[in-house]
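Working notes for the structure below.
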Amino acid sequence: MNRADRSAQQVLEAEVLNLRAKLLEVAAGLDRIDRGAEPLADAGTMETFRGAIETLLRPGPNRAERIQLLFSRAYEDSWRENMEV
Amino acid sequence: MQYIDPHIHMVSRTTDDYETLAKMGCVAVSEPAFWAGYDRGSVEGFRDYFEQLTEFEPKRAGWYGIQHYTWLCINAKEAENVSLSREVIDMIPEFLDRPGVLGIGEIGLNKNTRNEATVFLEHLELAVRTQSQILIHTPHLEDKYQGTRMILDMLSGDSRIDRTRVLVDHVEEHTVRPVLEEGFWAGMTLYPVSKCTPDRAADMVEMYGPERLLVNSAGDWGPSKPTAVPDFIMAMRKRGHSEALIRQVVYENPLKFFSQSANFEFQVAK
């Protein structure tokens, strides 16, 4: 369904300023955390962010889906038995 | 372009917002019952809320030529109070035959607890008994994937439920596929920070096609933008998508889904 007449280069050109701005927001946000007065109490969140950034660098489709799953609590298909629902 | 916002909480918005929506091309809204920002104390509080949804809101929308439809339930955030939830579920049938009431919603999960699942199942029972359509809220942020899978388990575990009459809302990249693959309708909510952006919603239309996909603003009392659906229309146009495709998602799809409800009497705008 992606427009057949839009090449990857055209998509990049349409997105470049937007993506550049968002990458800078991420970088500036991480710098802001580093400048915080006290050491981080919650190292787990930063670890998850690191995983998300590593996901961006890996090739392959569905990066957004993979990062969403990284941010998600696990699902167990035995939940109904466990909860007795 | 004329469009329908299939999920917006207009009781939390001003009359000026109705006027703005009308100017942007909105011809109809559907408003699921939801959490007021505080837990209501009694079944009478819900009765008053349902009166507002079925009597005053359609009138207020009508001042600007917008058709107003609604869904009734007790929200998952209040489901921890199981006894109150049962009182509300028992009371809902008083309103189900009113004009514009499309069904039961937005039911669902919030923190994916046992009580929430129990109340969700009892809402499903009511919907089956009254042959009502169902609109489902899926949880926020880190709870969404787990909660959506639990909801799909409960829906799929009941063979009486017609999947084509169920809308699973607030889908994102990690939940849209299972919802569509299991035969349900999927709603994408456009929010400023959480949920979807207009561009990510357009991505999902490109990846999965327009069938059984809806977009909504879920405008409410929190950070939200009631004119988010026109933002989606603009995002699709900027990518060069046809007006016919956009119209299918923002107008024809909601019409097709809502038309399965006996109380949906839509007047085509001239």
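The values are calculated or read from the model by the stated rules, or taken from the named source; none is laboratory data. Remember, predicted model here, so these are calculated numbers, not experimental data. Neighbour counts run over all protein chains shown; Cβ positions are idealised from the backbone, glycine included.
Put simply, of B:249, B:229 the only residue that is among the β-branched types (Val, Ile, Thr) and in contact with a Cys (Cβ under 8 Å, 6 or more places away or on another chain) is B:229. Please name all residue pairs, on different chains or six or more residues apart, with Cβ atoms under 9 Å, provided the first residue is in the range A:62-85 and is farther than 20 Å from residue B:118 by Cα and the second residue is in a loop (DSSP other than H, G, I, E, B) and among the basic types (Lys, Arg). Short answer, once both residue conditions are applied: A:66/A:58.
The condition of being touching a helix residue (DSSP H, G or I) at 6+ places or on another chain (Cβ under 8 Å), assigned to a helix (DSSP H, G or I), of a type in the set (A, V, I, L, M) and within 8 Å of chain B (Cβ to nearest Cβ) holds for only one of A:74, A:64, that being A:64.
Is there a residue in the range B:116-139 that is surrounded by 24 or more Cβ atoms within 10 Å (Cβ to Cβ), closer than 18 Å to residue B:13 by Cβ and not aromatic (Phe, Trp, Tyr)? Checked against the condition, which is being surrounded by 24 or more Cβ atoms within 10 Å (Cβ to Cβ), closer than 18 Å to residue B:13 by Cβ and not aromatic (Phe, Trp, Tyr), the range B:116-139 yields no hits at all.
Taking every residue in the range A:34-48 that is closer than 14 Å to residue A:71 by Cα and pairing it with any residue that is part of a loop (DSSP other than H, G, I, E, B) and at pLDDT 95 or above, at least 6 positions away or on another chain, the pairs with Cβ-Cβ distances below 9 Å are A:48/A:71.
Each row is one residue, and each column tells you yes or no for (1) crowded, with 21+ Cβ neighbours inside 10 Å; (2) among the charged types (D, E, K, R).
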{"residue": "B:59", "(1), (2)": "no, yes"}
{"residue": "B:72", "(1), (2)": "yes, no"}
{"residue": "B:75", "(1), (2)": "yes, no"}
{"residue": "B:78", "(1), (2)": "yes, yes"}
{"residue": "B:88", "(1), (2)": "yes, no"}
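Just one of (1) under 20 Å from residue B:1 (Cα atoms); (2) crowded, with 20+ Cβ neighbours inside 10 Å; (3) in contact with a strand residue (DSSP E or B) (Cβ under 6 Å, 6 or more places away or on another chain) fails for residue B:269. It is (2).
Looking only at residues of the range B:175-206 that are of a type in the set (Gly, Ala, Ser) and away from chain A (no Cβ under 13 Å), we find that the one that is nearest to residue B:226 (Cα to Cα) is B:187. Within the range B:151-171, if we keep just the residues that are in a loop (DSSP other than H, G, I, E, B) and surrounded by fewer than 24 Cβ atoms within 10 Å (Cβ to Cβ), the residue that is farthest from the other protein chains (Cβ to nearest Cβ) turns out to be B:162. So, in the range B:180-199, how many residues would count as being crowded, with 16+ Cβ neighbours inside 10 Å and touching a helix residue (DSSP H, G or I) at 6+ places or on another chain (Cβ under 7 Å)? Looking only at that region, the number is 8. Could you go through the range B:210-226 and let me know if any residue there is charged (D, E, K, R), within 14 Å of another protein chain (Cβ to nearest Cβ), out of contact with any strand residue (DSSP E or B) (no Cβ under 7 Å at 6 or more places or on another chain) and surrounded by fewer than 21 Cβ atoms within 10 Å (Cβ to Cβ). There is at least one residue in the range B:210-226 that is charged (D, E, K, R), within 14 Å of another protein chain (Cβ to nearest Cβ), out of contact with any strand residue (DSSP E or B) (no Cβ under 7 Å at 6 or more places or on another chain) and surrounded by fewer than 21 Cβ atoms within 10 Å (Cβ to Cβ). Taking the conditions (1) within 22 Å of the chain's Cα centre (by Cα); (2) free of Cβ contacts under 8 Å to residues at least 12 places away in the same chain in turn, residue A:30 satisfies each one other than (2).
Just one of the listed residues (B:219, B:209, B:187) is farther than 15 Å from residue A:64 by Cβ and either free of Cβ contacts under 8 Å to residues at least 24 places away in the same chain or of a type in the set (Ser, Thr, Tyr) (or both), namely B:209.
The residue of the range B:90-113 that is farthest from the chain's Cα centre (by Cα), among those that are crowded, with 22+ Cβ neighbours inside 10 Å and of a type in the set (A, V, I, L, M), is B:92.
Candidates are the residues of the range B:1-39 that are of a type in the set (D, E, K, R) and either over 23 Å from residue B:248 (Cα atoms) or in contact (Cβ under 8 Å) with a residue 60 or more places away in the chain (or both); the one that is surrounded by the fewest Cβ atoms within 10 Å (Cβ to Cβ) is B:16.
Against the numbered list (1) in contact with a strand residue (DSSP E or B) (Cβ under 8 Å, 6 or more places away or on another chain); (2) within 22 Å of residue B:31 (Cα to Cα), residue B:93 comes up short only at (1).
Do we have any residue at all in the range A:32-40 that's within 13 Å of chain B (Cβ to nearest Cβ), at pLDDT 95 or above and not in a loop (DSSP other than H, G, I, E, B)?
Of all residues in the range A:32-40, those within 13 Å of chain B (Cβ to nearest Cβ) come to none.
No; the residues of the range A:32-40 include none that is within 13 Å of chain B (Cβ to nearest Cβ), at pLDDT 95 or above and not in a loop (DSSP other than H, G, I, E, B).
A Cβ distance below 9 Å, combined with a sequence gap of six or more or placement on separate chains, defines the contacts here; from the range A:9-21, residues that are within 13 Å of another protein chain (Cβ to nearest Cβ) reach residues that are surrounded by 10 or more Cβ atoms within 10 Å (Cβ to Cβ) and in a helix (DSSP H, G or I) in the pairs A:14/B:238; A:15/B:199; A:18/B:199; A:19/A:12. Please identify the pairs in which a residue from the range B:125-150 that is at positive phi and within 9 Å of chain A (Cβ to nearest Cβ) has its Cβ atom under 9 Å from the Cβ atom of a residue that is modelled with pLDDT under 95 and part of a loop (DSSP other than H, G, I, E, B), counting only partners at least 6 apart or on another chain. That search, which allows pairs on different chains as well, returns B:141/B:194.
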